[in-house]
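I have placed the structure first, in the form of structure tokens, so that the comments after it can refer back to it.
Derivation of every value follows stated rules applied to the coordinates shown; laboratory data play no part. Computed from a predicted structure; not experimentally measured. Cβ placement follows ideal geometry from the backbone for every residue including glycine, while neighbour counts extend to all protein chains displayed.
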Ligand SMILES: Cc1cc2nc3c(=O)[nH]c(=O)nc-3n(C[C@H](O)[C@H](O)[C@H](O)COP(=O)(O)OP(=O)(O)OC[C@H]3O[C@@H](n4cnc5c(N)ncnc54)[C@H](O)[C@@H]3O)c2cc1C
């Protein structure tokens, strides 16, 4: 057997606690017992690990772990080799001219925001600190800044990628442009809908902006009896929404009573003295929330910690499936509510299951053409995350089945209401989805590029792309 000589660490089941800790993912259901976990010290270590895995007989499956937040098992491997970027490659550097930020492939958005807040710049990144830059970005990346700045991939200037043959290449609009096109919206690893399958991004360079804060944030919660009034108020707001405003809507049952409740979670840019949020939230105040905590925070680092309290006691058995919708259809949202209420009444095990809608403005993301990046969905839309959660192993199958069935319902109903089938949300797929439902008309080009950059199908997890040899 060839040996693996690297400067970083190699963990195996014999490594004890360090190995067990390194297997941890956001959801327990995403964890698998790896044969090897490589924690690289540098990019050459990543390349060496990729070559080592392929030199074994039979070759080892390779999984790439960024932040470990994805709701499937793509960042894990049963018996294969995990490249644990998140353990070590997390440096973040703001360029001296403050026009760009260099982020290593294993960083969390929290790592980025800690640095950008100090340096007084902003980047188009994730909403929560614990989400990895790697998975988020290669799957497109819907950000709190997205209404004004587009997707994370629209703000990616260049990337450094370790390819299946171990080469370390820089890619941008001018260098290896095909690869740059492919990694923007298709996960580099067989992945989540993003599709990837092109390599391991060890370094991202993002466009930097002046600070977009202060940010109006918070929560306004209503009892389920008010759902129709809340839906109507959101519908009215949606017709006047500006790109600086994003609203999240969350269906959950909070202790101590566990009754169904609907919460509105605003993120408002440029909220100087709270003026924008006062205007936006006025109709929602009028509905008399039973719980309200709103205010302004100075930077994205604080925005990204906004959900810490509510997530602290969430079950760790979570399956997430996403769906897209073309407009805020009250009848669709009400139907989702009813299905969620019915499911979460079935047992205490699955009562924490929740539904989250993200109502970011599509204004900026539709300015990019469907064929300009691998992510083809460039018509107005929003996404919803259906989160099946269980407190016991016994409840997992039901939570999973519910998430699958409800996301399928949303996709189908949206197609009926809008006349457009939007396919699946690449960042919240589970792996069994058809690639054409994710990449649409971009699939043939992606398959040809797969043949160019990964002819042996080394990157095979997630939504697999078959290489198309010409
Ligand atoms: C609570 C929650 C909220 C979310 N909110 C949003 C949201 O607002 N907008 C949004 O767009 N998405 C959102 N997501 C989805 C999230 O972006 C994806 O789950 C993403 O894959 C997480 O990235 P990660 O690096 O933490 O994932 P991991 O689990 O580490 O990896 C996920 C996939 O990405 C691949 N990958 C990771 N890093 C790299 C890399 N450096 N190079 C190549 N491939 C890599 C992995 O191989 C794997 O296939 C949310 C997820 C959760 C759990």
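The fraction of Cα-Cα pairs per 10 angstrom bin, counted from 0 for the range 234-299, comes to 17, 52, 26, 6 percent, rounded to whole percents. Helix 227-238 axis versus longest C-alpha principal axis of the chain: approximately 70°, rounded to the nearest ten. Rg over Rh for the range 270-312 works out to 1.01, both radii taken from alpha-carbon positions and Rh defined as the Kirkwood radius. Going from the residue with the fewest nearby Cβ atoms within 10 Å to the one with the most, 70, 381, 305 rank 305, 381, 70.
An ellipsoid equivalent to the range 9-87, defined through the eigenvalues of its Cα gyration tensor, has semi-axes of 18, 13, 13 Å when rounded to whole angstrom and sorted largest first.
Stokes-Einstein diffusion for the chain at 4 °C, viscosity 1.567 mPa s, with a Kirkwood radius from C-alpha pairs, works out to 58 µm²/s. For the range 71-110, the equivalent ellipsoid derived from the Cα gyration tensor has semi-axes of 29, 10, 7 Å, listed largest first. Counted over the chain, the DSSP beta bridges are approximately 90% antiparallel. Normalised by 2.2 N^0.38 Å, where N counts its residues, the alpha-carbon radius of gyration of the range 215-428 equals 1.01.
Helix 396-418 versus the longest principal axis of the chain: what is the Cα-based angle in degrees, 0 to 90, to the nearest 10? It works out to around 70 degrees. With the simple model of a label 7 Å out from the Cα in the direction of the Cβ, residue 240 to residue 56 spans 6.0 nm. Relative to the longest principal axis of the Cα atoms of the chain, helix 109-119 runs at roughly 80 degrees.
Taken over the C-alpha atoms, the range 367-422 has Rg and Dmax values of 15.4, 46 angstrom.
When both bridge partners sit in the range 1-106, DSSP labels roughly 45% of those beta bridges antiparallel.
Once the cut-off is 13 Å, how many percent of the Cα-Cα pairs in the range 359-399 end up in the long-distance tail? Percentage above 13 Å: 65. Here the calculated FRET efficiency for residue 434 and residue 335, from their Cβ-Cβ distance with R0 = 30 Å, stands at 0.75, rounded to the nearest 0.05. Once the mean of 1/r is taken over each pair of separate Cα atoms and inverted, the range 90-211 shows a Kirkwood hydrodynamic radius of 13.9 Å. With contributions of -39500 (n - 2.57) from each DSSP H run of at least four residues, the per-residue ellipticity at 222 nm computed over the chain stands at -8500 deg cm²/dmol.
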